[in-house]
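Have a look at the structure below before the remarks.
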Amino acid sequence: MSNPSLQAVRGMNDILPDEAQLWLWFEDTVREWLDSYGYRNIRMPLVEPTALFKRAIGEVTDIVEKEMYSFEDSLNGDHLTLRPEGTASCVRAVLQHNLLYNAPQRLYYSGPMFRHERPQKGRYRQFHQIGVEAMGFASPDIDAEQILMCARLWRKLGLTDVTLQINTLGDAAARKQHREKLIAYFAQYEDLLDEDATRRLHSNPLRILDSKNPQMQELIAAAPKLMDELHEDAILHFEAVKSVLKQHGVAYEINPRLVRGLDYYNRTVFEWVTTSLGAQGTICAGGRYDGLIEQIGGKPSAACGFAMGVERLLSLLQAEPKVVLASPLDVYLVHQGELADAMAGVLAEQLRDAGLRVVLHCGDGGFKSQMKKADASGAQFAVIVGDDEAQTGQATLKPLRGEGEQARIAQIELAQMINKQINRAFQRG
Ligand code: HAM
């Protein structure tokens, strides 16, 4: 397309039909997996009041400082933001509809999120998440359940190059103490701090620990450790999570530098990372956010959740060339001749009645060109009806993929015959 102003916004991708097949399969797989743990679907708007994200994610975070698509609604002056993540919206919805009134909630959502980041492989301005939130759960069994859930999904998807990093951020009091020690420590070395770190020194010193700047690494390595400030409850909580992981044989690495880029976390945090995707290797991340519900106006209520990046997971699936998608189409119906043309539409409907996925050739074209289209369609079979077949109530069944001989059979036996032979599942080789 020559007019760049009419192309998709940078960092926002079209998902074309060939690729969308993998998305559909992934979404089905994920839905089954979520069902098997009793998580229920919730759907929130893509746009929320800007104040919600500022309050939930934190004013001094990359997301709120520089990545949100925020705008003023010119019709009424409202300050709105395209959601950069789902946890804040999910908590807002739960509180607005009083869902925590008499029962804790296991919820999930999926859909696009928006962050104005510098686009690169695995990092987009519109990307998709599957988010999983358990609200009203205080004990460590739910943290562990969510991590085990992830491990099961990776197994189900056949992913092998994925490792788990965990950490505990402790509770508010310990973090306050740690924060004060960090400020005092980094303030001693103010001339060694880069621009970001200087800006964050008093507002969010914990984020300095997350810096990727090689020149700051030595300073960061010697900084006061949160681990040294943790209170007993938080330590026991973390021990309990680790012990369930051990019990289930889920390997983990403790990463004391894992602090996460959103302010609402406390206690357990975790990330699943892969080395197969280059710089954007975190495919799934989350943790506990016991203070957020109260912060957004609800009664104090503990919670824990995570979200995975769908684009990253799918490119990981594609990086391992084991995924073979079965054809989304069973039959391409080829027909030529007056009687055959009249009969073909009825036959196509009958095959669909039997559960088959059928494309009926529409428009002109001789046998040869129709057969080319049948091949290109990805269908597993061509069903061919010429006047010859039409007169005898028959059709020719021609396998287009794999083995099998072409055969002429009665139209009434066609559906059963095809159903016996088709392969609907995705396969892993
Ligand atoms: P997050 O770490 O900001 O957490 O995002 C979760 C995942 O979304 C990341 O691990 C990554 O796979 C994917 N992701 C993030 N940004 C991008 C991007 N620009 N392009 C492609 N993929 C991206 C959250 O959003 C929290 N709400 C997770 C959570 C739920 N914590 C508790 N409950």
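The values are calculated or read from the model by the stated rules, or taken from the named source; none is laboratory data. Owing to the predicted nature of the structure, the values given are computational and were not obtained by experimental measurement. Neighbour counts run over all protein chains shown; Cβ positions are idealised from the backbone, glycine included. Note: accessible area is taken over every heavy atom of the protein model, side chains too, but ligands, DNA and RNA are not part of it. Shrake-Rupley method; radii C 1.70, N 1.55, O 1.52, S 1.80 Å.
Taking first residues from segment 17-42 that are among the acidic types (Asp, Glu) and partners that are outside any helix (DSSP H, G or I), the Cβ contacts under 8 Å between residues at least 6 apart in sequence or on separate chains come to 27/110.
From the residues in segment 100-110 that are part of a loop (DSSP other than H, G, I, E, B) and out of contact with any Phe, Trp or Tyr (no Cβ under 7 Å at 6 or more places or on another chain), which one is most open to solvent (accessible area, probe 1.4 Å)? Taking the candidates together, the pick is 101.
Being closer than 30 Å to residue 204 by Cα, touching a Ser or Thr at 6+ places or on another chain (Cβ under 9 Å) and either within 10 Å of the ligand (Cβ to nearest atom) or not small (Gly, Ala, Ser) (or both) is the requirement here; does residue 359 meet it?
Numbers: closer than 30 Å to residue 204 by Cα: no; touching a Ser or Thr at 6+ places or on another chain (Cβ under 9 Å): yes; either within 10 Å of the ligand (Cβ to nearest atom) or not small (Gly, Ala, Ser) (or both): yes.
No: the conditions fail for residue 359.
For segment 77-99, a residue qualifies if it is of a type in the set (A, V, I, L, M), within 13 Å of the ligand (Cβ to nearest atom) and in a helix (DSSP H, G or I), and the qualifying residues are 88, 91, 94. Against the test of being within 30 Å of residue 171 (Cβ to Cβ), modelled with pLDDT under 95 and either within 16 Å of the ligand (Cβ to nearest atom) or touching a Ser or Thr at 6+ places or on another chain (Cβ under 9 Å) (or both), the options 281, 298, 286 yield a single qualifying residue, 281. For segment 213-235, indicate whether the set of residues that are open to solvent by less than 30 Å² (accessible area, probe 1.4 Å), at pLDDT 95 or above and assigned to a helix (DSSP H, G or I) is non-empty. Yes, some residue in segment 213-235 is open to solvent by less than 30 Å² (accessible area, probe 1.4 Å), at pLDDT 95 or above and assigned to a helix (DSSP H, G or I).
Results for (1) under 15 Å from the mean Cα position of the chain (by Cα); (2) among the small types (Gly, Ala, Ser); (3) in the same structural domain as residue 308 (by TED's automatic domain parsing), shown as yes or no for each residue.
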{"residue": "107", "(1), (2), (3)": "yes, no, yes"}
{"residue": "111", "(1), (2), (3)": "yes, yes, yes"}
{"residue": "121", "(1), (2), (3)": "no, no, yes"}
{"residue": "125", "(1), (2), (3)": "yes, no, yes"}
{"residue": "130", "(1), (2), (3)": "yes, no, yes"}
{"residue": "133", "(1), (2), (3)": "yes, no, yes"}
{"residue": "138", "(1), (2), (3)": "no, yes, yes"}
{"residue": "142", "(1), (2), (3)": "no, no, yes"}
{"residue": "151", "(1), (2), (3)": "yes, yes, yes"}
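Here's a check for you: in segment 11-22, which residue that is at pLDDT 95 or above and surrounded by 11 or more Cβ atoms within 10 Å (Cβ to Cβ) is nearest to residue 121 (Cα to Cα)? Among those that are at pLDDT 95 or above and surrounded by 11 or more Cβ atoms within 10 Å (Cβ to Cβ), it is 11.
If you filter segment 268-278 down to residues that are of a type outside the set (A, V, I, L, M, F, W, C) and within 13 Å of the ligand (Cβ to nearest atom), you find that the one that is surrounded by the most Cβ atoms within 10 Å (Cβ to Cβ) is 268.
Checking segment 60-83 against the condition returns no match, with no residue being aromatic (Phe, Trp, Tyr), open to solvent by 10 Å² or more (accessible area, probe 1.4 Å) and within 24 Å of residue 304 (Cβ to Cβ).
State whether the residues of segment 244-267 include one that is acidic (Asp, Glu), within 18 Å of residue 57 (Cβ to Cβ), open to solvent by less than 60 Å² (accessible area, probe 1.4 Å) and outside the structural domain of residue 379 (by TED's automatic domain parsing). Steps first, answer last, please.
Residues of segment 244-267 acidic (Asp, Glu): 253, 263.
From what is left, the residues that are within 18 Å of residue 57 (Cβ to Cβ) are 263.
Keeping just the survivors that are open to solvent by less than 60 Å² (accessible area, probe 1.4 Å) gives none.
No: segment 244-267 contains no residue that is acidic (Asp, Glu), within 18 Å of residue 57 (Cβ to Cβ), open to solvent by less than 60 Å² (accessible area, probe 1.4 Å) and outside the structural domain of residue 379 (by TED's automatic domain parsing).
Does residue 293 fit the bill of being within 11 Å of the ligand (Cβ to nearest atom), in the same structural domain as residue 160 (by TED's automatic domain parsing) and open to solvent by less than 10 Å² (accessible area, probe 1.4 Å)? When the stated conditions are applied, residue 293 does not pass them.
Could you please let me know if residue 134 is near the ligand (Cβ under 10 Å from one of its atoms) and open to solvent by less than 10 Å² (accessible area, probe 1.4 Å)? Taking the combined requirement at face value, the residue satisfies it. Looking only at residues in segment 165-202 that are in a loop (DSSP other than H, G, I, E, B) and open to solvent by 50 Å² or more (accessible area, probe 1.4 Å), the one that is farthest from residue 65 (Cα to Cα) is 189.
Which count do you get for residues in segment 111-124 that are in a loop (DSSP other than H, G, I, E, B) and more than 7 Å from the ligand (Cβ to nearest atom)? Qualifying residue count, segment 111-124: 4.
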